[in-house]
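Quick note: the coordinates plus some simple rules give every number you see, no bench work behind them. Since the model is a prediction, treat every value here as computed from it, not as a measurement. Using ideal geometry, Cβ is built from the backbone for each residue, glycine included, and neighbour counts are taken over all protein chains shown.
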Amino acid sequence: MRRVDSPKTMRPVVMLACPVFRAWLQANLPNDYAISVTFLDEGLHARPAHLRHAIQSAIDRLWEPSVVALAYGLCGNGLHGVRAGENTLVIPRSHDCIALLLGSRAAYEKQMAQDPGSYFLSPGWINSGKNPLDEWRTLEQRHGSETAAWLMDTQYQHYRRLILVGQDARELEAVRPKALEIAEYCARWGLRYEERLGTGDYMRRLLAALPVITGAGDSDANIAESDFLIIPPGGTVHQSMFQS
């Protein structure tokens with residue numbers, strides 16, 4: 001655990017977030033202090049260098065030193081090399097967004113221990129078209145059936161389990177028809193389909209940490225280093241920081 005000392009003056013709070021968290025954040029953002037939220041393009045995950053550039057550009061455009069919360073994991077090294085500049089960055093210590101969706105790193109590690117060959121789906125990814133079925137359809141249009149099949153086999157044949165993660169039963173029910181369609185396609189590799197209820201606990205801890213860092217919250221509060229990276233002004237995000 002680390003203690004976060006309050007600065008003499010409160011700084012603005014900015015959040016850069018993946019759209020998979022849009023619905024949850026819109027329903028759970030606190031109203032006792034202001035947070036400016038910007039959702040970046042979902043497709044940036046496919047090219048980590050583009051994700052890094054988009055996040056860095058958003059940080060560099062801030063007009064005053066701020067506390068910047070990133071609702072992202074390392075995301076394929078997309079955060080490696082991001083510079084804080086005059087800002088303080090607060091980042092979940094997670095390799096991707098699945099731990100955030102499940103509620104903790106421990107919950108994610110438990111699932112991976114059960115079966116390392118697990119591929120996770122979320123309502124956000126399904127609705128954005130970022131899933132194996134829609135990916136195959138796009139590849140087929142661009143390259144034809146044979147090349148598309150080869151590319152998909154190369155990427156997905158080593159998975160054994162397809163897991164849909166939702167925050168509640170209603171969310172799962174809303175996307176289940178498309179999830180089952182995706183599962184039917186993924187059966188070509190023998191993937192079995194499962195569903196898991198996640199929680200917003202990790203995201204709640206992220207939101208709770210922000211007023212502590214800005215000075216709007218309890219200055220004696222502790223922020224778990226196992227959960228978050230706090231990059232001070234002048235610092236740079238490195239891949240090694242996400243290791244346990």
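When the Cα centres of the range 39-81 and the range 84-134 are compared, how far apart do they sit, in Å? Each part reduced to its Cα centre gives a spacing of 15 Å. Between CYS18, HIS80, GLN111, the Cα set farthest toward the positive side of the dipole of the chain (charges on each charged residue's Cβ, about the Cα centre) is that of HIS80. Count Lys and Arg as plus one, Asp and Glu as minus one, and take only other residues whose Cβ is under 15 Å from that of HIS50; the net charge is then +1. Across the range 104-197, Cα pairs under 8 Å and at least six residues apart give a relative contact order of 35 percent. Name the residue, out of ALA148, ALA84, ALA27, whose mean-square fluctuation peaks in a Gaussian network model built on the chain with Cα pairs under 10 Å. For the chain, modelled as a Gaussian network with Cα springs under 10 Å, the answer is ALA27. Here the chain carries DSSP beta bridges of which approximately 25% are antiparallel, counting only pairs with both residues inside. Once you order the gyration tensor axes a ≥ b ≥ c over the Cα atoms, which shape class does the range 74-148 get: rounded for a/c under 1.5, otherwise prolate or oblate by comparing a/b with b/c? Verdict is oblate for the range 74-148. Applying D = kT/(6 pi eta Rh) to the range 104-197, where Rh is the Kirkwood radius over alpha-carbon pairs, T corresponds to 20 °C and eta to 1.002 mPa s, the Stokes-Einstein value obtained is 155 µm²/s.
Its relative contact order, with pairs defined as Cα atoms under 8 Å and 6+ residues apart, puts the chain at 31 percent. When the helices of the chain are scored as -39500 (n - 2.57) per DSSP H run of n ≥ 4 and the total is divided over every residue, the value at 222 nm lands at -12000 deg cm²/dmol. Computed from point charges on the beta carbon alone (+1 for Lys and Arg, -1 for Asp and Glu), the dipole magnitude for the chain about its Cα centre is near 240 Debye.
If you add up the charges near ASP41, with Lys and Arg at +1 and Asp and Glu at -1, over every other residue whose beta carbon is less than 14 angstrom from its beta carbon, what do you get? Local charge sum for ASP41: +3.
Calculated on the Cα set of the chain, radius of gyration then Dmax: 18.9, 62 Å.
Around the Cα centre of the range 115-216, unit charges on the Cβ atoms of Lys, Arg, Asp and Glu (plus for the first two, minus for the last two) sum to a dipole of about 220 debye.
Neighbours of VAL67 by Cβ distance under 13 Å: Lys/Arg scored +1, Asp/Glu scored -1, total -1.
For ALA69, the residues whose amide H sits under 5 Å from its own are VAL14, MET15, LEU16, VAL90, ignoring neighbours fewer than 5 places away on the same chain, with H placed 1.01 Å from N.
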